[in-house]
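Report on the following structure.
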């Protein structure tokens, strides 16, 4: 009986193609807007989560922060003691931390900025940021070497003057030949002092590593990182082995949230217990990623819900057209009832017709929404698609709308008096 009702519904809809299309239009627009929003939202989520993931999903950030006590003065004029040597993370503290959590920590990434400079050779120039890094920090940066190698352990320990530069630097200064750049010197002036380093590696520059901030810039003016051994940067900057932040890389399988809390408590109980102003704070990057993902998903669902309001307009349109259709087919309904059709059969026939309208409109809406969503995502520089679950939900939701908005006119048709229906002109 259901198949027969579907055939009758399709026959009735094809008899009035333009009216059927206009009826579906509200459903198509509503579903398309929801799918497009979900597609763009998915693309943006992937982009943001990808960038955060590149920062290190197993990383725990630890840094020195001001103690927040109950009597802390939050006013702008509040006096805050400047950090002294005892307030920083020292080499002894870092080594102790590595040893104490050796079963849960893979390494501790340390960085030191050695300045932002412009390397020049005649008319050629390249903007670079010199960063001193240890082995763990270099690994964490996830640079892709296209020529040469990373720093050796001896180069790190002996503070050798070696450097890893980007392919952008090679393009600007050395005619773009990465292999030929190996062994060449990078000459810079920092604070009126001359330094030169030997290139041992060239990595592939990626705009995603700077969040796409270079978009629209002159390619020669893009500032890229150049990496030095950590000890080299410390000696060059005449800096002590003191740090106000560090990245702890957890071993695979470790509970990052619990480890972050344990690290924080260990440092505070052993090293900052008697500190009058500062303390250690640690948080898990994985927990931050989860929080960000939840926030982005909530935002996407909120926008999708707003877009779904247009479905209400489409549903009202379906109800309106169904009432008009019933009025036009009053004599047909009377004839069916005179031949023995029950109220339930008549009601099911018109509900089926409304559901078919909404189902077809939903399918077309999904197709249109995917097309516009993918186009919008690509224009924004992302790639994404609506989830299969979301598409199925939208189609089922549109069919549910057909039942909801089709029930009233269907019930009205079922209650028609067959004698009065046959007399209807």
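Tabulated data
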{"quantity": "Helices (runs of 4 or more DSSP H) lying entirely in the range 311-425 (those with 2 or more residues that are within 30 Å of residue 43 (Cα to Cα))", "calculated": "343-379, 388-414"}
{"quantity": "Enumerated strands (runs of 3 or more DSSP E) restricted to the range 214-289, each holding at least 3 residues that are under 24 Å from the mean Cα position of the chain (by Cα) and touching a residue at least 12 places away in the same chain (Cβ under 8 Å)", "calculated": "245-250, 278-284"}
{"quantity": "Set 251, 290: member being under 30 Å from residue 98 (Cα atoms), modelled with pLDDT of 80 or more and surrounded by fewer than 20 Cβ atoms within 10 Å (Cβ to Cβ)", "calculated": "251"}
{"quantity": "Test: residue in the range 293-315 that is modelled with pLDDT of 85 or more and closer than 29 Å to residue 63 by Cα", "calculated": "no"}
{"quantity": "Among the residues listed as 145, 174, the single one being touching a strand residue (DSSP E or B) at 6+ places or on another chain (Cβ under 8 Å), on the phi < 0 side of the Ramachandran plot and at pLDDT below 95", "calculated": "145"}
{"quantity": "Residue in the range 10-21 that is buried (at least 18 other Cβ atoms within 10 Å of the Cβ), under 30 Å from residue 373 (Cα atoms) and at pLDDT below 85 present", "calculated": "yes"}
{"quantity": "The range 177-196 - residue that is part of a loop (DSSP other than H, G, I, E, B) and at pLDDT below 90 and, of those, surrounded by the most Cβ atoms within 10 Å (Cβ to Cβ)", "calculated": "177"}
{"quantity": "Test: residue in the range 405-412 that is surrounded by 17 or more Cβ atoms within 10 Å (Cβ to Cβ), in contact (Cβ under 8 Å) with a residue 60 or more places away in the chain, under 23 Å from the mean Cα position of the chain (by Cα) and more than 16 Å from residue 29 (Cα to Cα)", "calculated": "no"}
{"quantity": "Residue that is modelled with the lowest pLDDT, among those in the range 112-130 that are buried (at least 21 other Cβ atoms within 10 Å of the Cβ) and under 24 Å from residue 158 (Cβ atoms)", "calculated": "114"}
{"quantity": "Near pairs, Cβ below 9 angstrom, 6+ apart or cross-chain, from the range 362-387 (touching a residue at least 12 places away in the same chain (Cβ under 8 Å)) to any residue that is loosely packed, with under 14 Cβ neighbours inside 10 Å and not in a loop (DSSP other than H, G, I, E, B)", "calculated": "362/396"}
{"quantity": "Leading residue by the ranking (nearest to the chain's Cα centre (by Cα)) among those in the range 343-382 that are crowded, with 18+ Cβ neighbours inside 10 Å and over 30 Å from residue 11 (Cα atoms)", "calculated": "382"}
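The values are calculated or read from the model by the stated rules, or taken from the named source; none is laboratory data. Because the structure is predicted, anything quoted here is derived from the model rather than measured. Counting neighbours? That spans all protein chains shown, and the Cβs are built from the backbone with ideal geometry, glycine included.
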